[in-house]
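These notes are about the structure you will find just below.
Read-outs throughout are calculated quantities, based only on the coordinates presented, and are distinct from any laboratory measurement. All figures in this text were calculated on a predicted structure; none of them were measured in a lab. Here the Cβ is made from the backbone with ideal geometry for all residues, glycine too, and neighbour counts use every protein chain on show.
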Amino acid sequence: MPGSSPTRILIIGAGAIGAFYGAALQAAGAEVSVVCRSEFESVREHGFFIESQRLGNRTLMPVQTVRTPRDYQGGPPDYALVCVKVVEGTDRAALIRDAVGPGTAIVLIENGVEIEGEIADAFPGNELISALAFVQVSRTAPGKVKHFAFGDLHFGNYPSGLTDSTRRFAALLDAGGIGCKLTEDVVTARWQKCLWNAVFNPISVMGGVLDTGHILGTPEGEALVRRAMAEIGAIAAATGHPLDASLAGQFIEGTRKAPAYKTSMALDYENGRPMETEVILGNAVRAGRRENVAIPSLEALYALMKMVERKTRA
């Protein structure tokens, strides 16, 4: 509307993912600010530079660059984008509490299944938008991000449905060049992504930083992937979110046709960063146990990942 104020967005966890989508939202006319710790001085002075062949190179120059949500000025944002990695010990509710006002919509752009409950319980009066990023993007230097491929966001309201606020958020992203797929059943969408993530990620780590080509390069590797995917499908069905039976085959063939690449968890392991073992795999295993689903392949992958984590911590 003419004369209306721009949409105010605060990104909490302004790494590669946050910077990538923040640049798109700024290109659409939103007032984008970021919470930034490790790269605070660089980002405050120069912003983020996003290198992208698909969308064109962009610079995100935040309206405010702050160290904590408490430092954000001008009242609560319209949308608080939570892009932090969900690693063990992270209290996301405490992390974002100072950013959330009565009318703030909370947007989770994070990996994993069954991750929304903690935030929904902490902020029962706020709209919660759960989003899944289908993108290959990484930080290359302080304030530098490279976009390799994809970029779409799939999202909807948690636990279900779509609101006008969610549709407005999608319209902003679309205006910034991001493809959006809205769903009234975002929990099923999370299980669909888990079908790939909970299988390829841990295998890539335990194989010594395997890329997707290595994982699918032998009949034994593909057979393991298919067994583990079938177990994810069984868990999803038991929780009331059955997946299309053809989805596993589609994911495997799509992965085989794409250029071989390292998973996000493999990159974290390779660079000595904490891994999202619990939300990507552990939550699925716990759901399987809760629903009394036989998951021998996933149990083995999870046990091995906990061994790897213990070794890396030591």
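A few remarks follow.
- Equivalent ellipsoid semi-axes, the stretch 163-255, via Cα gyration tensor eigenvalues times 5, rooted, Å: 30, 18, 10
- Rounded to the nearest 20 debye, dipole of the chain from Cβ charges on Lys, Arg, Asp, Glu: 560
- Ranking Thr166, Ser264, Val34 by Cα position along the charge dipole of the chain, where only Lys, Arg, Asp and Glu carry charges on their C-beta atoms, puts Ser264 farthest toward the positive end.
- Amide H contacts of Thr183 (H built 1.01 Å from N, in plane; Pro and chain starts excluded): Phe155, Gly156 sit under 5 Å, all sequence-distant by 5 or more or on other chains.
- Mean projected area in nm² (Cα convex hull; one quarter of hull surface) for the stretch 188-313: 7.1
- Kirkwood-Stokes translational diffusion coefficient of the chain, alpha-carbon pairs, 10 °C, 1.306 mPa s, µm²/s: 79
- As a length-normalised measure over Cα pairs under 8 Å and 6 or more apart, the relative contact order of the chain settles at 16 percent.
- The stretch 8-184: radius of gyration over Cα atoms, expressed as a fraction of 2.2 N^0.38 Å: 0.94
- In the frame of its principal axes, the stretch 1-90 has Cα extents of 45, 36, 24 Å, reported largest first.
- Phi angles of the stretch 93-107 translate, via the Karplus equation with coefficients 6.51, -1.76, 1.60 and θ = phi - 60°, into HN-Hα couplings of 4, 5, 4, 9, 3, 6, 9, 9, x, x, x, 7, 8, 9, 10 Hz per residue; Gly and Pro are given as x.
- From helices alone, the chain scores -12500 deg cm²/dmol at 222 nm; the rule is -39500 (n - 2.57) for each run of n ≥ 4 DSSP H residues, then divide by the residue total.
- Relative contact order computed over the stretch 220-314 (Cα-Cα under 8 Å; 6+ residues apart), in percent: 36
- GNM flexibility winner over the chain from Thr212, Thr188, Thr255 (Cα, springs under 10 Å): Thr255
- Put in line by how crowded their Cβ is, counting other Cβ atoms within 10 Å and starting with the fewest, Val186, Val66 read Val66, Val186.
- By the beta-carbon count within 10 Å of each Cβ, the least crowded to most crowded order of Ile232, Ile215, Ile252, fewest first, is Ile252, Ile215, Ile232.
- Ranking Ala284, Val43, Gly179 by how far each Cα lies toward the positive end of the dipole of the chain (charges on Cβ) leaves Val43 at the top.
- Averaging the sequence gap over all C-alpha pairs within less than 8 Å and six or more residues apart, then dividing by the number of residues, gives the stretch 42-157 a relative contact order of 26 percent.
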